[in-house]
1. Hull surface divided by four, with the convex hull built on the Cα atoms of chain B: how many nm²?
2. By a straight-distance test (C-alpha under 19 Å), which aspartates and glutamates pair with A:Lys50 as possible cross-link partners, with residues fewer than eight away in the same chain excluded?
3. Starting at the first residue of the range A:79-84, write each ³J(HN,Hα) from the Karplus equation 6.51 cos²θ - 1.76 cosθ + 1.60 with θ = phi - 60°, in whole Hz, x for Gly and Pro.
4. Mind putting together the pair-distance distribution for the range A:78-169? All Cα pairs, 10 Å bins, whole percent per bin, short to long.
5. At a Förster distance of 35 Å, what's the computed FRET efficiency of B:Arg58 paired with A:Asp53, Cβ-Cβ distance as r, to 0.05?
6. In nm to one decimal, list the spacings between the A:Cys89 label point and its equivalents in the other copies, with label points set 7 Å along Cα to Cβ, shortest first.
7. Viscosity 1.002 mPa s, temperature 20 °C: give me the Stokes-Einstein translational D for the protein assembly as shown in µm²/s, with Rh taken as the Kirkwood radius over C-alpha pairs.
8. Per the helix-only calculation at 222 nm, which mean residue ellipticity applies to the protein assembly as shown, given -39500 (n - 2.57) for every DSSP H run of n ≥ 4 and division by its residues, nearest 500 deg cm²/dmol?
Protein chains: 2
Amino acid sequence: MDSAPSSSTVSRTVILLLRVLTFVFLLIALILIAVTRVTEDTTDGPVEAKFTDIHAYRYMISTIIVGFVYNLMQMVLSIINVVSGKRVCGDFGYVFDFFGDKIMSYFLISGSAAGYGASEDLHTFFKAQDLPFNSFFAKANASASLLLVGFICNAIASIFTSFALPKKA
Amino acid sequence: MDSAPSSSTVSRTVILLLRVLTFVFLLIALILIAVTRVTEDTTDGPVEAKFTDIHAYRYMISTIIVGFVYNLMQMVLSIINVVSGKRVCGDFGYVFDFFGDKIMSYFLISGSAAGYGASEDLHTFFKAQDLPFNSFFAKANASASLLLVGFICNAIASIFTSFALPKKA
C-alpha cells in the first residue's frame with residue numbers, strides 16, 4: 001500500500017466529485033422546471049404557461065432526466081468500485097466511461113442550447129403580443145443555465161475519462 | 001518504409017477525410033443560410049424575413065463560421081504534415097487536436113440545437129398569426145441539419161484524436 005495517493009486515485013476522486021456536482025446541478029434544474037407554472041392575466045382572462053407547452057423545453061427536460069439517471073448510475077458504480085476495491089466490468093468500464101461521458105456531454109449541451117435558443121426569440125414575440133411572461137422565461141433560462149453548468153462539469157469529467165482510456169485499452 | 005500502412009497513417013487519413021466532410025457540410029450550411037431571404041405577402045404588404053432577424057439563427061451562423069475556419073486550418077495543417085513528413089508543433093499538435101476537436105464539436109452541436117429549438121416553437125407561433133413562413137423555417141431547419149451532420153463528422157474525428165493523445169503525451 002502506498003502512503004501517497006497515486007495519480008489514478010486522484011483522477012478517480014476528481015471524476016467522482018465532478019459527477020456529484022453534475023448530479024446536484026441537474027437535480028436543481030429538474031426541480032425548477034418541474035414545479036413552475038406561471039399565470040399571466042390578459043383581457044381574455046388568465047393564461048397559464050407551463051414548460052411542457054414548448055417543444056424545446058420538453059427536449060431540455062428529457063436531456064436533464066437522462067443526464068440525471070446517467071450520473072446517478074455512475075455514482076453508484078464509483079461507490080461499488082471503492083467498496084469492492086476493483087473496477088466493475090474491468091477494462092470495459094473505461095470504454096463505457098469514455099463513450100458514456102462523451103455522448104452524455106453532447107446531449108446535455110444540446111438541451112441547454114435548445115432551451116436558450118427557444119427562450120430568447122419566443123420571449124421577444126410574447127412581449128410584442130403584450131403577454132411578456134417574464135418570470136416564466138426567467139425560470140426557463142435559469143434551468144438552462146443550471147443545465148449548462150452541469151454540462152461543464154460533465155465535459156471536464158469527459159476529459160479525465162478520455163485520458164484514462166487509451167492507457168488501459 | 002513500410003509497404004503496409006500503419007494504424008497511425010490510417011487514422012490520420014480517416015481524420016483528414018472527416019475534416020473534409022465537416023468542411024463541406026458547414027460550407028453548404030453557410031451558403032444556405034447566407035443567401036436566403038423569404039418574403040411573405042400579408043394584408044399590410046409584403047414582410048421580409050432573413051436569418052439575422054432571429055437571435056438563435058445568428059448564433060447558429062457564428063458556430064458554422066467558427067467551425068468552418070477551424071476545419072480549414074486543420075486541413076491546411078494536415079497538408080503541411082503530409083508534405084513535410086512530420087507533425088507541425090510536434091507532440092503539442094496532439095494536445096491541440098484533442099482540445100480543438102472537443103471544444104469545436106460542443107460548439108457545433110450547441111449551434112444546431114439552438115437553431116432547431118428556435119425553429120420548432122417559433123414556427124408554431126408564426127402559423128398561429130397567419131404568417132407561416134414555411135419555406136423560411138424549412139431552410140433554417142435544413143441548415144441546422146447540415147450543421148448536425150457536420151457535428152457528427154467532427155465528433156467522430158474527436159474520438160480519433162482522443163485516442164491519439166495519451167499515447168504521445
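1. If you wrap the Cα atoms of chain B in a convex hull and average its projections, you get 10.9 nm².
2. A:Glu40, A:Asp41, A:Glu120, A:Asp121, A:Asp130, B:Glu120, B:Asp121
3. 5, 4, 4, 5, 5, 7
4. 16, 31, 23, 16, 10, 4, 0
5. The formula returns an efficiency of 0.90 here.
6. Taking the point 7 Å beyond Cα along Cα→Cβ, the inter-copy spacings are 3.3 nm.
7. Value of D from the Cα-based Kirkwood radius: 97 µm²/s.
8. Values: 8 runs with 262 residues, N = 338.
Computed mean residue ellipticity for the protein assembly as shown: -28000 deg cm²/dmol.
Read-outs throughout are calculated quantities, based only on the coordinates presented, and are distinct from any laboratory measurement. Please read these numbers as outputs of a predicted model, since none were measured by experiment. Ideal geometry is used to build each Cβ from the backbone, glycine not excepted, and the neighbour counts take in all protein chains shown.
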